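Some notes on the structure that comes next.
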Amino acid sequence: MTDDPAPRPAGTPPLAPARPRETVIHGRRLVDDFAWLKADNWQEVLKEPGALPADIRAWLEAENAYADALMSPLSELEATLVAEMRGRMKEDDSSVPLRDGAYAYSTRYRTGGQHPLVCRRALDADAPEEVLLDGDALAQGKPFFQIGGHEHTDDHRMLAWSSDDTGSEYFTIRVRDAATLQDLPDLIPDTEGSVVWDKAGTSFLYVEMDERHRPRVVRRHVLGTAVADDAVVYEETEDGWFVGIEASQSGDFAFISISDHETTEVHVLDRGDLAAPPRLLAKREAGVRYEVEHWNGAFVLLTNADGAEDFKIAVAPLDAVGRGAWRDLVPHRPGAIVLSLIATRDWLVRLERVNALPRLVVRSRGTGEEHAVAFDEEAYALRGVAGYEFATDTLRFVYSSMTTPAETWDYDMAARTRVLLKRQEVPSGHDPARYVARRLAAVSHDGALVPVSILYRRDLALDGSAPCLLYAYGAYGHAIPAGFDLRTLSLVDRGFVYAVAHVRGGTDKGWAWYTDGKREKKPNTFRDFVAAGEMLASSGYTARGRIAAQGRSAGGMLMGAVANMAPDLFCAVLAEVPFVDVLATMLDGELPLTPPEWPEWGNPGESAADFDTIRAYSPVDCVSAQRYPAILAIGGLTDPRVTYWEPAKWVATLRSRASGGGPFVLRIDMDSGHGGASGRFDRLEEVAQSYAFAIAAAKGGLPGAA
C-alpha cells in the first residue's frame, strides 16, 4: 500500500483512499469504496490485536490522532465530567449478599479499584470475608480484562470462573479451589464463558466457540482430565443457530438452549448425571419461542406458542416430549407481555410489562392465587433477582426511576411485606426533588404513539432553549428501562433535557411493538425516533438543531439512519460501536453474527426484496451530498459483534460524500471490544468524551465543521 495517512495539514482529518470493490447481486450493482478497511485476517485480530495489517493500523491510528487533536480543547471539560460522575459513585460499593446454604455470596469494589471482587462469607457468627476472585489483581498489567461467569459447586468447594483478556468475548474457563484460592490445571480457552456444574461438583458443561466466533458445541469437562478429551454433549450443525446453557432454579436440571431471533429449542439433562444424553423437550418450530424452568414437579414454559404474541405460561410433565403435552397455566393476554420467570419451591414469579410499565406478579403453588408488586411513578425500572436458594419465600427485586437511585428489596411472598436492604448511595449528594421525570408520547408518521421518558431539572425553563440528549435502541425486542443513571445528571445539571425514546423494535409496548420495527418494517424505528425529537422540539423541551442523538450497537444503526433522514434536527450524533454497514455485513455469512441475524434484518444474499429493503436504509449506503451534524463514531478493534471497520467505513464515506457539516470523528479503542473499556472508571472516560462532544456541539463550540 502506498497511501500514507500522515502527510496532511495539522488539524485536518485523514482521508481514506477509495479502492472500489464492485459486486453484482440480484442484478444490482454494489460498489464499496472502503472495503479494504476490513482486515483479511480479522479472525486472527480478534484473538491477537497485534496481527492487524500495518496499513489499516496506520489509518486507524491517524483517525485516533485526529480525534485527540480535535477534542483536545474539551479535555478540561472531560476531566470535570469524569470527576462529577466518579463523585456520584460509591467507590467501595458492594452488592447485597445472596444466601446459598452455609454461605452468602456477593461482589464488591475497593476504593480506587476498577474491577469487582467476588466474595463469600460463611453464615456462622463473625466469619471473615473470603475473596474468591480479586478482579484488580487479575487485571494487573493487562490493557483489557473482564470477568465473565463464575459458578460455585453445590458443596461450595470449587469455583469455575471465566475471563476475557482482549475484549473479543473469547472467554477462558478456569477452576479455583475455594479453600486454597489456587486454580487447578484445568484451563479451557475459546468458550462462551458460562458453566453448569453437576451436583457432585466433579464435572461441568461449557459452550465452545467455533472458528467463526459462534457458540455451537456443548462439551462436558471432568476435573483432572485433559481438555482435549472433553466429550461433546450437543453440537449444532446448522448455521444461524447459537447455543447456550443454564441450570434450573431448583438445581435439578441443566438446559441447553438453541436459538435464533425467532425460534428456540431446548434439550434437558439431569444435573445428577451430565454424562447421560440430553433429552429434547420440544423440537424447533419456526417462529415458536420457549424458555424453561422446573417448578411444582413439572416443566414450566414461557412461550409464544399457539399465537400467544405477548407470551403465555404453560406446563408440561417432566417426561413429556413435544408441544402436544403443554397445558396453559397463565393464558395469553394481549398487551401484557411476559418477560421472564423466577421459580422457587412454592412460588412462581413473572415479570410482565403493561402499557410500557413493568410489574412483578407472584403466583402461589398451593392455591394458584396471584398478586402483583407494582409502583406508582410515571416511569420506572424493575427487575427480579433469581437467588441461589429454591426453598424460600423471599423474592429479591431492584427498583429505580429516572429520579430515584436503585433500591434493593427483599419481598416476603407469603406475608406480602417488603424490607429495604440497600439504597444506592450518591456520595456527592442527590436530591430527587430537584428533578422532574415524565412519560410523554410522540405521534409517529403512521399515528403510532411512541413513549418518551424524559428527565430535567425542576427549575429548567421549557421555552425551547434547552439542549437535549435523546437516546434510543430499538432492536431485538430489547426494551430500554426508565431507570436511574448517575452519569446523565452531568448533562441534566448543565441544563440538558435527557430523553429516552421507546421506539419500535423494542418490546416496550408488547411483542407487536417489536415486530413492527424489524425486517421490512425497520424504517418505523427511525421514523419513531425522528417523531420523538420533533415532539420534544415542538413542545418546548428543546429546539430543532439542539438535539444530540445517541445510540449504541443496533442503536448505532438508528443513529446513522436518522443522520441521513433528518440531519437538521440534530446538533450531534453519538454512535457507539454502531452497526452502520448493514448491507455488507448481512451479505457476509462468514462474520460471527450474520446467519443468526437474518431473521432480524433479512437475508439480502438470498432475497432481492431483502436486499432492496436493507439498501434503502443501511447508513453507509445512504450517505448523500447533504450537510450533516457533528458525528462521533466509537468502535473497538476486537469487537466480534460490530466489527471495527463498520464505523471506520461510515466515517470515511461521510468525509467523501457529505457536502458540509461535521466534524466527523472516529475513535477506535485499540484495546477493547463491544463493551468498551473494562474498568469502571475507564468507562466513565468514554462517557465523558461523548457527553463533552454533545455539550460542545449544542453550544456550537466544536471545531472542524465545514
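Structural remarks
- The one condition in (1) touching a Phe, Trp or Tyr at 6+ places or on another chain (Cβ under 8 Å); (2) part of a strand (DSSP E or B) that residue 309 fails to fulfil: (2)
- Subset tally (residues that are in a strand (DSSP E or B) and either closer than 15 Å to residue 232 by Cα or touching a Lys or Arg at 6+ places or on another chain (Cβ under 7 Å) (or both)) for region 193-213: 9
- Filtered residues of region 85-100 (kept if over 30 Å from residue 390 (Cβ atoms) and either part of a loop (DSSP other than H, G, I, E, B) or over 25 Å from the mean Cα position of the chain (by Cα) (or both)): 87, 88, 89, 90, 91, 92
- So residue 647, is it in contact with a Pro (Cβ under 8 Å, 6 or more places away or on another chain), crowded, with 24+ Cβ neighbours inside 10 Å, under 30 Å from residue 212 (Cβ atoms) and assigned by TED's automatic domain parsing to the domain that holds residue 70: yes
- Residue in region 497-510 that is farther than 22 Å from residue 355 by Cα, crowded, with 23+ Cβ neighbours inside 10 Å, over 22 Å from the mean Cα position of the chain (by Cα) and assigned by TED's automatic domain parsing to the domain that holds residue 560 present: yes
- Highlighted here would be strands (runs of 3 or more DSSP E) found entirely within region 315-366 that include at least 2 residues which are acidic (Asp, Glu), but there are none.
- Test: residue in region 624-646 that is part of a helix (DSSP H, G or I) and under 28 Å from residue 467 (Cα atoms): no
- Each residue in region 136-192 was checked for being among the hydroxyl-bearing types (Ser, Thr, Tyr), surrounded by fewer than 18 Cβ atoms within 10 Å (Cβ to Cβ) and touching a residue at least 12 places away in the same chain (Cβ under 8 Å), and 1 pass.
- Some residue of region 424-441 being assigned to a loop (DSSP other than H, G, I, E, B), under 23 Å from residue 93 (Cβ atoms) and in contact with a helix residue (DSSP H, G or I) (Cβ under 6 Å, 6 or more places away or on another chain): yes
- Residue check: residue 431 meets all listed conditions (1) acidic (Asp, Glu); (2) surrounded by fewer than 15 Cβ atoms within 10 Å (Cβ to Cβ); (3) in contact (Cβ under 8 Å) with a residue 24 or more places away in the chain but one, namely (3).
- Test: residue 603 is assigned by TED's automatic domain parsing to the domain that holds residue 664, over 22 Å from the mean Cα position of the chain (by Cα) and in contact (Cβ under 8 Å) with a residue 60 or more places away in the chain: no
- From the options 351, 357, residue that is within 23 Å of residue 481 (Cβ to Cβ) and touching a Leu at 6+ places or on another chain (Cβ under 8 Å): 351
- Number of the condition not met by residue 254 [criteria: (1) part of a strand (DSSP E or B); (2) modelled with pLDDT under 95]: (2)
- Flag for residue 169 being within 29 Å of the chain's Cα centre (by Cα) and at positive phi: yes
Here's the yes/no breakdown for (1) out of contact with any Phe, Trp or Tyr (no Cβ under 8 Å at 6 or more places or on another chain); (2) free of Cβ contacts under 8 Å to residues at least 24 places away in the same chain; (3) closer than 30 Å to residue 116 by Cβ:
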{"position": "643", "(1), (2), (3)": "no, no, yes"}
{"position": "650", "(1), (2), (3)": "yes, no, no"}
{"position": "663", "(1), (2), (3)": "yes, no, no"}
{"position": "682", "(1), (2), (3)": "yes, no, yes"}
{"position": "693", "(1), (2), (3)": "yes, no, yes"}
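- Failed item in (1) buried (at least 16 other Cβ atoms within 10 Å of the Cβ); (2) modelled with pLDDT under 95, with residue 376 passing the rest: (1)
The values are calculated or read from the model by the stated rules, or taken from the named source; none is laboratory data. A quick note: this is a predicted structure, and the numbers were derived from the prediction, not measured. A quick note on method: Cβ atoms are made from the backbone with ideal geometry, for glycine too, and the neighbour counts reach across all protein chains shown.
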